[in-house]
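Data block below; observations after.
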Amino acid sequence: MNIRRILVNFIFIIVSFILQTTLFRALDFGGIAPNVLMIMTSSTAFIKGDKAGLLTGFFCGLLVDIFFGTYLGFFALIYMYIGFIVGKLHIIFFSQNVAIPILVITISDFVFGFVCYVLMFLFRTKFNIGYYMQTVILPEVVYTAIVAIFIYPIILKVNNIIDEKEQRSAKKFV
């Protein structure tokens, strides 16, 4: 992994965080905004593999923890696990097709919402999962999937450009 890829991923994470906390909070529907950091984590994991997904998930979750979390590391751990698991799909599926990554991002966001429900509400004996599923998890999943249709191709194109530059620079040394 070269410095160019690290810098681009860092910029993508910061831009995703800014979009999620500013623009999409202004464009929310019923208090529900898309999880752009989950799009970034799942996209990076799906395109580059489990290690990149794990690292991206850690830093995305850490940003959420620092600015919005009650416990430092809670969201970082969830994002890390999701990034790692989605990264394992990198070997199985072809990342150039847009339909499968959008489905993976949608499932990742659903798992994220469900795990947050279990760890934040169920353990406090708030058992109204139907209400939470209907008002929070499913609308966020749908909104995230719609936004991912536009964001994933951008992330994929930038990663392909970086891959081409890495391959050209590797050929110079051979």
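The values are calculated or read from the model by the stated rules, or taken from the named source; none is laboratory data. These numbers come from a predicted model, not from an experiment. Cβ atoms come from the backbone with ideal geometry, glycine included; neighbour counts cover every protein chain shown. For accessibility, only protein heavy atoms count, side chains too; no ligands or nucleic acids. Shrake-Rupley method; radii C 1.70, N 1.55, O 1.52, S 1.80 Å.
Values for this structure:
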{"item": "Qualifying residues in segment 110-149 (those that are within 14 Å of the chain's Cα centre (by Cα) and of a type in the set (Phe, Trp, Tyr)) - the one farthest from Ala76 (Cα to Cα)", "result": "Tyr143"}
{"item": "Residues of segment 89-119 that turn out to be loosely packed, with under 13 Cβ neighbours inside 10 Å and either without any contact (Cβ under 8 Å) to a residue 40 or more places away in the chain or charged (D, E, K, R) (or both), as a count", "result": "5"}
{"item": "Number of positions in segment 157-173 that are in contact with a helix residue (DSSP H, G or I) (Cβ under 8 Å, 6 or more places away or on another chain) and surrounded by fewer than 19 Cβ atoms within 10 Å (Cβ to Cβ)", "result": "4"}
{"item": "Output for segment 122-135, where each listed residue is open to solvent by less than 60 Å² (accessible area, probe 1.4 Å) and either within 30 Å of Ile47 (Cβ to Cβ) or in contact with a helix residue (DSSP H, G or I) (Cβ under 8 Å, 6 or more places away or on another chain) (or both)", "result": "Leu122, Tyr132, Met133"}
{"item": "Scope segment 36-52; condition open to solvent by 30 Å² or more (accessible area, probe 1.4 Å) and either touching a Phe, Trp or Tyr at 6+ places or on another chain (Cβ under 9 Å) or within 13 Å of Ser108 (Cβ to Cβ) (or both); matching residues", "result": "Asp50, Lys51"}
{"item": "Members of segment 53-72 found to be among the small types (Gly, Ala, Ser) and surrounded by fewer than 22 Cβ atoms within 10 Å (Cβ to Cβ), listed by number", "result": "Gly69"}
{"item": "Per-region count, segment 1-53, residues in a loop (DSSP other than H, G, I, E, B), within 14 Å of Val64 (Cβ to Cβ) and either touching a strand residue (DSSP E or B) at 6+ places or on another chain (Cβ under 8 Å) or of a type in the set (A, V, I, L, M, F, W, C) (or both)", "result": "1"}
{"item": "Count - residues of segment 33-60 that are within 15 Å of Ile11 (Cα to Cα), without any contact (Cβ under 8 Å) to a residue 60 or more places away in the chain and not hydrophobic (A, V, I, L, M, F, W, C)", "result": "2"}
{"item": "Residue under evaluation Ile91, criteria (1) within 24 Å of Leu55 (Cβ to Cβ); (2) part of a helix (DSSP H, G or I), criterion not met", "result": "(2)"}
